[in-house]
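Here's the structure, in structure tokens; my notes come after.
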Amino acid sequence: MQWDGNRESDNVDDVRGDDGGGSGGGLLGGLIGGRHISVGGIVVALVASYFLGINPLTVLGLLDGAPPQQQVQHADPAHRPPAEDVLARHVSQTLASTEDVWNKLFQAGGSQYRAPRLAIFSRQYPTACGEGQAAQGPFYCPADQKVYIDLDFYQTLKNRLGAPGEFAQAYVIAHEVGHHVQNLLGISGKVDAQRGRVSEAQQNALSVRLELQADCLAGVWGYHAKSQFHIEQSDVDTALNAATKIGDDALQRAATGTVRPESFTHGTSEQRVRWFNTGLQSGSIQRCDTFNTRDL
């Protein structure tokens, strides 16, 4: 994978070193947004969104039927990452590529793409979906249409999850942008409208379809970005390995030694690989319809 010569996005904010003053409580205290959440609920939320998912505070909202907690954004101005920060530059180049790809695809469909902003933070940072924590992994907040990432996560991806590689890192960003695309298309809103109307098991099943679709949309980006980044099969293999490592079955087996399919929120390793590959091989948004298929 080659980065040289690719433009960087103007939609990246470097807010590292600014924790927003903190919001008190948080996940560790068991009190979120004035609502007591059980330890079991916290574990479900963290496992569900440990990698390539939505903010755990949003997941917790889905679990108890309450809307995500709104928070005031930090007032200090953000700035671009320093030029010597290679990893941040790669993130910016990946985001720029998603902008180019989705602009073209939306225009081809007769609509206009509104690109998300991406915030690089450290430790914690306030978002419109709640207090972002580094331990959550990367996430997308639909309330402010931003992607959030602590770059230390890439070390976790490599060393703890066993998924190194630059294209695997790009896959992380592309998946979160996939959630933004779902938001723009109204898909996330339809799923969110079911909150409180269906059982927890049905909520989990909807979440799986939403996440697998985001994987497929990440693959759609990869299809259209292959020539731009000179992506080779060895690069693709690193992303497929990442998808394998973060399947619900793999994460649960690694964490507890047991697998509980009824609690899946992101899909199995096999499903995540298959849907990412579907987008990567076809480049078609239409092929990513995970909501009208029986075979996930």
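The values are calculated or read from the model by the stated rules, or taken from the named source; none is laboratory data. Since the model is a prediction, treat every value here as computed from it, not as a measurement. For neighbour counting, all protein chains shown are included, and Cβ atoms are generated from backbone atoms with ideal geometry for every residue, glycine included.
For the range 211-243, a residue qualifies if it is without any contact (Cβ under 8 Å) to a residue 40 or more places away in the chain and in contact with a helix residue (DSSP H, G or I) (Cβ under 6 Å, 6 or more places away or on another chain), and exactly one does: Leu240. Checking each residue in the range 190-236 for being within 17 Å of Asn292 (Cβ to Cβ) and not hydrophobic (A, V, I, L, M, F, W, C) picks out Lys190, Gln194, Gln202, Ser207, Arg209, Glu211, Gln213, Asp215.
Listed here are the residues, each with its yes/no results for (1) at negative phi; (2) crowded, with 22+ Cβ neighbours inside 10 Å; (3) in a helix (DSSP H, G or I).
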site: Asp144; (1), (2), (3): yes, no, no
site: Tyr148; (1), (2), (3): yes, yes, no
site: Leu151; (1), (2), (3): yes, no, no
site: Leu157; (1), (2), (3): yes, yes, yes
site: Gln169; (1), (2), (3): yes, yes, yes
site: Val172; (1), (2), (3): yes, yes, yes
site: Val177; (1), (2), (3): yes, yes, yes
site: His180; (1), (2), (3): yes, yes, yes
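This table checks each residue for (1) more than 21 Å from Ala250 (Cα to Cα); (2) free of Cβ contacts under 8 Å to residues at least 12 places away in the same chain.
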site: Ala134; (1), (2): yes, no
site: Val147; (1), (2): yes, no
site: Thr156; (1), (2): no, no
site: Arg160; (1), (2): no, yes
site: Gly165; (1), (2): no, no
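Among the residues of the range 252-264, the ones that are under 21 Å from His175 (Cβ atoms), part of a helix (DSSP H, G or I) and in contact with a Ser or Thr (Cβ under 9 Å, 6 or more places away or on another chain) come to 1 in all. Residues that are among the aromatic types (Phe, Trp, Tyr), under 21 Å from the mean Cα position of the chain (by Cα), surrounded by 20 or more Cβ atoms within 10 Å (Cβ to Cβ) and within 19 Å of Leu184 (Cα to Cα) occur at least once in the range 200-222. Looking across the range 186-210, the residues that are over 25 Å from Ser97 (Cα atoms), among the small types (Gly, Ala, Ser) and either part of a helix (DSSP H, G or I) or touching a residue at least 12 places away in the same chain (Cβ under 8 Å) (or both) come down to Gly189, Ala193, Gly196, Ala201, Ala205, Ser207. May I ask you to list the residues in the range 242-296 that are surrounded by fewer than 19 Cβ atoms within 10 Å (Cβ to Cβ), at negative phi and touching a His at 6+ places or on another chain (Cβ under 9 Å)? Result: no residue meets the conditions. Taking the stated definitions as given, is Arg287 modelled with pLDDT of 95 or more, among the basic types (Lys, Arg) and assigned to a helix (DSSP H, G or I)? Spelling it out, Arg287 is indeed modelled with pLDDT of 95 or more, among the basic types (Lys, Arg) and assigned to a helix (DSSP H, G or I).
What about Asn241, is it polar (S, T, N, Q), assigned to a helix (DSSP H, G or I) and more than 18 Å from Tyr113 (Cα to Cα)? So Asn241 fits the description; yes.
Screening the candidates Thr258, Thr278 for the property of being among the hydroxyl-bearing types (Ser, Thr, Tyr) and modelled with pLDDT of 95 or more yields one hit, Thr278.
So in the range 118-132, with the set limited to residues that are in contact with a Pro (Cβ under 8 Å, 6 or more places away or on another chain) and either at positive phi or in a strand (DSSP E or B) (or both), which one is surrounded by the most Cβ atoms within 10 Å (Cβ to Cβ)? Filtering the range 118-132 for residues that are in contact with a Pro (Cβ under 8 Å, 6 or more places away or on another chain) and either at positive phi or in a strand (DSSP E or B) (or both), the one surrounded by the most Cβ atoms within 10 Å (Cβ to Cβ) comes out as Gly132.
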